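Below: the structure, in structure tokens.
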Amino acid sequence: MPFPKLGQAIVAGAVVLALLGSQSHAGSVTGTATYRERIALPPDATLYVELQDISRADAAAVTLAAQRYALGGVPSEFELSFDDALIREGMTYTVQGSIYRGDELLFTTDTIHPVLTNGEGNSADLVLVQARSQSAEALDGTEWTAIGIDGEVLDTKRPPQLSFAQGGAFGGTGGCNRFSGQVDINGNSLQFPDNMAATLMACPPELEEVEDRFLAALQSVTTYAIAGDSMVLLDAAGEPVLKFVRTQ
């Protein structure tokens, strides 16, 4: 009789439709990347662009999509495809960009470019800042105030501060406790010690949370870049983990 086969065909078709219906759809973020300096790019320069989830204040940014492009000049267009099932309304997403020559960081974003949620669109025009080759003396006598941690804008009445003296001596405050130590500087490389001298005052919970995140981020720093009155500290992957503005 044909009925069992027909029933099987109907069930099989329903399964296929269910599978098709459960497949996610691809979204995309488009934009351009450029920089203001009148500097020609080397022929082997590449643009690296990431779509990141920076919603969690207690965790590092999560990369949802990334793409590397060969660069012949700027502005350069980019497109990032992502699984839109990963996007949740009310969360915060941003696009970050960097230009490299091999492993050498040439330019990087130093501001947050939000997309997709909270009234933002699906495009971003990135203006990167130059990551200048620095010497140890470039940090001598400078003071900085933190404005961002792990891609998130810092919103606190007592932001962390960091200052450098001669010979790699540094000090500062996490917003509550003070700390000091000796940093290892070699060109653009920067490494903070595991154990720093620090006060042990009791802090209000909101200040303690920011301080813990700030000190944890310092431990992941491997390089730095200064552009005018802005400084970015980056991790081994070239990701900005701390952003500062100059106070002196």
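List of remarks:
- Across 131, 33, 169, mean-square fluctuation computed from a Gaussian network of the chain (C-alpha pairs under 10 Å connected) peaks at 169.
- Under Karplus coefficients 6.51, -1.76 and 1.60, residue-wise ³J(HN,Hα) of the stretch 49-55 in Hz, glycine/proline x: 10, 10, 9, 10, 9, 10, 5
- Annotation for the stretch 59-91: chymotrypsin sites (Phe, Trp or Tyr not before Pro) lying in DSSP loop with at most 14 further Cβ atoms inside 10 Å of their Cβ do not exist.
- GNM result for the chain, Cα springs below 10 Å: residue of 112, 149, 54 fluctuating most strongly: 112
- Accessible area of the chain belonging to carbon and sulfur atoms, whole % at 1.4 Å probe: 53
- Across the chain, the relative contact order, built from alpha-carbon pairs under 8 Å that are at least six residues apart, equals 16 percent.
- Interchain or long-range residues, amide H under 5 Å from residue 106's placed H: 99, 100, 101
- Nonlocal amide H pairs with residue 175, under 5 Å, H built at 1.01 Å: 161
- Contour excess over end-to-end distance, with Cα ends at residue 70 and residue 56 and 0.36 nm allotted per residue: 1.8 nm
- 3J(HN,Hα) along the stretch 224-233, derived from phi through the Karplus expression 6.51 cos²θ - 1.76 cosθ + 1.60 where θ = phi - 60°, amounts to 9, 9, 10, 9, x, 9, 10, 10, 10, 9 Hz, with x in place of Gly and Pro.
- Rough spin-label spacing in nm, given labels placed 7 Å along Cα→Cβ, for residue 88 and residue 189: 4.0
- For the chain, the solvent-accessible area works out to 54 Å² per residue, with a probe of 1.4 Å and every protein chain left in place.
- Per-residue 3J(HN,Hα) values for the stretch 155-162, derived from phi via the Karplus relation 6.51 cos²θ - 1.76 cosθ + 1.60 with θ = phi - 60°, read 10, 8, 6, 10, x, x, 10, 9 Hz in sequence order (x marks Gly and Pro).
- Residue of 38, 56, 88 that the Gaussian network model of the chain assigns the largest fluctuation, springs spanning Cα pairs under 10 Å: 38
- When you work out D = kT/(6 pi eta Rh) for the stretch 151-248 at 37 °C and 0.692 mPa s, using the Kirkwood radius from C-alpha pairs as Rh and the Stokes-Einstein form, the result is 236 µm²/s.
- Assigned charges on the beta-carbon of Lys, Arg, Asp, Glu; the stretch 26-73 dipole about Cα centre (debye): 160
- Distance histogram for the stretch 26-130 (every C-alpha pair counted, 5 angstrom bins, percent rounded to whole numbers): 2, 13, 25, 24, 17, 11, 6, 2, 0
The values are calculated or read from the model by the stated rules, or taken from the named source; none is laboratory data. Quick caveat: nothing in here was measured; it's all calculated off a predicted structure. When we count neighbours, we look across all protein chains shown, and the Cβ atoms used for this are built from the backbone with ideal geometry, even at glycine. Side chains included, ligands, DNA and RNA excluded: accessible areas come from the protein's heavy atoms. Shrake-Rupley method; radii C 1.70, N 1.55, O 1.52, S 1.80 Å.
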